[in-house]
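Right, one structure below, let's go through it.
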Amino acid sequence: MSEWYKKSFGDDYLIVYKHRDMKGAYEEVRRMMEWLELPEGSEVLDLCCGMGRHSMALTGFGFKVTGVDLSEVLLGEARKLDKKGEVRWVHGDMRQVPLEGPFDAVVNLFTSFGYFDNDAEHERVLKEIWRLLRPGGRFIVDFLNPEYVRAHLVPHSVRTEDGLRIEETRRIENGYVCKTIRLVEENAQTSDEARVYEERVKLIDLDTFLDLLCRAGLKVDAVYGGYDASPYESESAKRMIFVGRRGEGDE
């Protein structure tokens, strides 16, 4: 389970999450532009860029974008999306990013955080964000709201995509929200032919997350409950979006 992401972010991920589109990414980036307050041409790092939707949207709004991800499959999809070669795509682990920077902003979106077995690893990611930012550079970390997840978890769902039956089972276990995904071809003879994946994200509460950010040298200016800029409310907000900066005096 400790490195579930190495298996899960492959070809089948493209089917399970094919409903995510560019329109939603552009709307989210439009709000991010207001939060980041950066001039056109600023250097932005999309850390854990996945299939590249937000990277391409950021480029469309005039930023110079670098996208980093551990999955070669998802990076391959991002390169296909980037028909003009406008984004620099880099293969790398978010705990040890193979770049020097500095960047004017680093964004980590759509719960691309909380994947590891201990908070020391999560703190390493935040320290990488600090390292990659110029002094005063801006950051956004978009995470799930643990309280909302606990209250609204859907234990089981089934749907069909591209001739595949997709069965998702969700549970909370040892402080993590866990999802088991079973994919079965519609013409499969037995359930033994299922392809099974796990996803596992730590439920990091607000105070703990703020402490992690502080220890990494990142200063939080605002916490939003969604891309509509609604304030974070523990019981009603679907997201926990941290917006802030690397302090001017940091070395």
**Prompt:** Among the residues of region 212-225, is there at least one that is touching a Ser or Thr at 6+ places or on another chain (Cβ under 9 Å), farther than 18 Å from Tyr5 by Cα and in the same structural domain as Leu109 (by TED's automatic domain parsing)?
**Reply:** yes
**Prompt:** Has region 14-37 got any residue that is closer than 27 Å to Gly225 by Cβ, among the small types (Gly, Ala, Ser) and at pLDDT below 95?
**Reply:** yes
**Asked** Applying the selection to region 211-251, what residues are closer than 23 Å to Arg124 by Cβ and without any contact (Cβ under 8 Å) to a residue 12 or more places away in the chain?
**Response** Asp211, Cys214, Glu251
**Message:** Condition (residue is closer than 17 Å to Gly137 by Cβ and assigned by TED's automatic domain parsing to the domain that holds Asp12) applied to region 68-85: is it met by at least one residue?
**Reply:** yes
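Report yes if Gly50 is on the phi > 0 side of the Ramachandran plot and in contact (Cβ under 8 Å) with a residue 24 or more places away in the chain, otherwise no.
yes
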**Fill in**
Within region 214-245, the count of residues that are touching a Lys or Arg at 6+ places or on another chain (Cβ under 7 Å) and aliphatic (A, V, I, L, M) comes to 3
**Request:** Go through region 107-118 and give me each residue that's over 17 Å from Phe242 (Cα atoms) and either in contact with a Cys (Cβ under 7 Å, 6 or more places away or on another chain) or surrounded by fewer than 16 Cβ atoms within 10 Å (Cβ to Cβ) (or both).
**Result:** Asp117, Asn118
**Asked** Can you pull out the residues in region 120-136 that are under 13 Å from the mean Cα position of the chain (by Cα) and aromatic (Phe, Trp, Tyr)?
**Response** none
**Prompt:** From Asp104, Asp117, which residue is assigned by TED's automatic domain parsing to the domain that holds Arg131, more than 12 Å from the chain's Cα centre (by Cα) and part of a loop (DSSP other than H, G, I, E, B)?
**Reply:** Asp117
**Asked** Restricting to strands (runs of 3 or more DSSP E) lying wholly in region 126-201: which have 1 or more residues that are in the same structural domain as Ile15 (by TED's automatic domain parsing) and within 26 Å of Asp93 (Cα to Cα)?
**Response** 133-144
**Request:** For residues that are at pLDDT 95 or above and surrounded by fewer than 14 Cβ atoms within 10 Å (Cβ to Cβ), scanning just region 220-235, find the one that is farthest from Lys202 (Cα to Cα).
**Result:** Asp221
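The values are calculated or read from the model by the stated rules, or taken from the named source; none is laboratory data. Bear in mind the structure is a predicted one, so any value in this text is a computation, not a measurement. Glycine also receives a Cβ, built like all others from the backbone with ideal geometry; neighbour counts cover every protein chain displayed.
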